């Protein structure tokens, strides 16, 4: 009898150990994927650079590595981290796993703000592009919240955001009719999200925005954990729900807009990264998920940029197309496993 009791206790304890094992495996999986992605990004390509020659080869090799491949890898990691963190912020603020920048008009607005001057042949300094993306993202997100009744219902915000995103994309398509044929290829590449021909200037241009966004994320994460309880419970605990949602949207805009200005709207990262963070550590909350969501976002973009650069070499494909190809089946599989 005691043996049966011991066996039943062991079986009952087994499901509790599964989340702990996943949480312990998460940093290992992220580390391995980042090492593999970094090796592919720095070594593979034309020319092929062995590991031992990454920082000790001839002059041409050093230029390729330090001026082309390392900045591109750094940009992929920073951009992915920003998109992963913004996706978690939006999903937790709206209590909806489908709340991603692409569904709320934020990415479409940022893309419209950057692409419109290109289509209309208006000369804009590179330093002003993040501001245009910020204005466009704020316009898209603000229209979504206003049309949804200032964020009273998370479901209404999501459905309204999809309509606003469609309207902004339609406006962008109308403007593209006016573009020259030679500019259309560059615009299409930008709208799919590309890391091609990016330099250290593009990477350093993101740091001022990160200085603003990182403290805001630290302050926002505990509020997101309270919003997850529901509007009534959050208000009972002293959180002003609508103001909190506006603040969460503002943080997401600051994270998304500069990345969109540099790389274009890289899709599905803000959806996939938070789901991976929750799946591998289901017992945590927003404070615990936020760094892992940013890490998974960096992994997704870095991994997707490898086939974007090498699959059809010497022709490069947009990284956003590969994040969609990787994200759609993985996202569907993750959603089906959620109870």
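Coordinate-derived values only; no laboratory data. What you are looking at is a predicted structure, and each value in this text was computed from that prediction instead of being measured. Here Cβ is always computed from backbone atoms with ideal geometry, including for glycine, and neighbour counts include all displayed protein chains.
Treat region 234-315 as a sphere of radius equal to its Kirkwood radius over Cα pairs and apply Stokes-Einstein at 20 °C in a medium of 1.002 mPa s; give the translational diffusion coefficient in µm²/s, rounded to a whole number.
After rounding, the answer is 143 µm²/s.
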- Message: With 10 angstrom as the radius, rank 120, 112, 191 by how many other C-beta atoms surround their C-beta, starting from the fewest.
- Response: 120, 191, 112
- Query: Considering every pair of different Cα atoms, what Kirkwood radius, in Å, is found for region 196-289?
  - Reply: 15.1
- If you bin every alpha carbon distance in region 268-317 into 5 Å steps from zero, what whole percent lands in each bin? 5, 23, 23, 15, 12, 10, 7, 4, 2, 0
- Work out the FRET efficiency for residue 123 and residue 284 from their Cβ-Cβ distance, taking R0 = 51 Å, and round it to the nearest 0.05. 0.60
- In deg cm²/dmol, rounded to the nearest 500, the helical mean residue ellipticity at 222 nm of the chain, built from -39500 (n - 2.57) for every DSSP H run of length 4 or more, is -25000 deg cm²/dmol
- Task: Determine, for each peptide in 92-102, 254-264, 239-249, the mean count of other beta carbons within 10 angstrom over its residues, then list the peptides with the highest first.
- Result: 254-264, 92-102, 239-249
- Express in whole angstrom the spacing between the alpha-carbon centres of region 44-80 and region 279-328. 20
- Message: Of the candidates 162, 319, 302, which one comes out as most mobile in a Gaussian network treatment of the chain with C-alpha springs shorter than 10 Å?
- Response: 162
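On alpha carbon coordinates alone, what is the Rg over Rh value for the chain, Rh being the Kirkwood radius? Each step should come with its number before you reach the end.
On the way: Rg = 21.4 Å, Rh = 21.0 Å.
With Rh from the inverse mean 1/r over Cα pairs, Rg/Rh is 1.02.
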- Taking the mean number of other Cβ atoms within 10 Å as a proxy for protection, how do you rank 306-317, 135-146, 72-83, 51-62 from highest to lowest? 72-83, 135-146, 306-317, 51-62
- Message: Show me the three semi-axes of the equivalent ellipsoid for region 49-199, from the C-alpha gyration tensor (sqrt of 5 times each eigenvalue), largest first, rounded to whole Å.
- Response: 34, 22, 11
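Please order 194, 86, 293 by the number of other Cβ within 10 Å, starting at the fewest. Walk me through the intermediate numbers first.
Numbers: 194 23, 86 33, 293 30.
Fewest-to-most ranking of 194, 86, 293: 194, 293, 86.
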- Message: Once each part is reduced to its C-alpha centroid, what is the distance from region 125-155 to region 227-256 in angstrom?
- Response: 16
- So, relative contact order of the chain in percent, Cα under 8 Å, 6 or more apart, is 29
- Query: What order do you get for 209, 296 when you list them from fewest to most C-beta neighbours inside 10 Å?
  - Reply: 209, 296
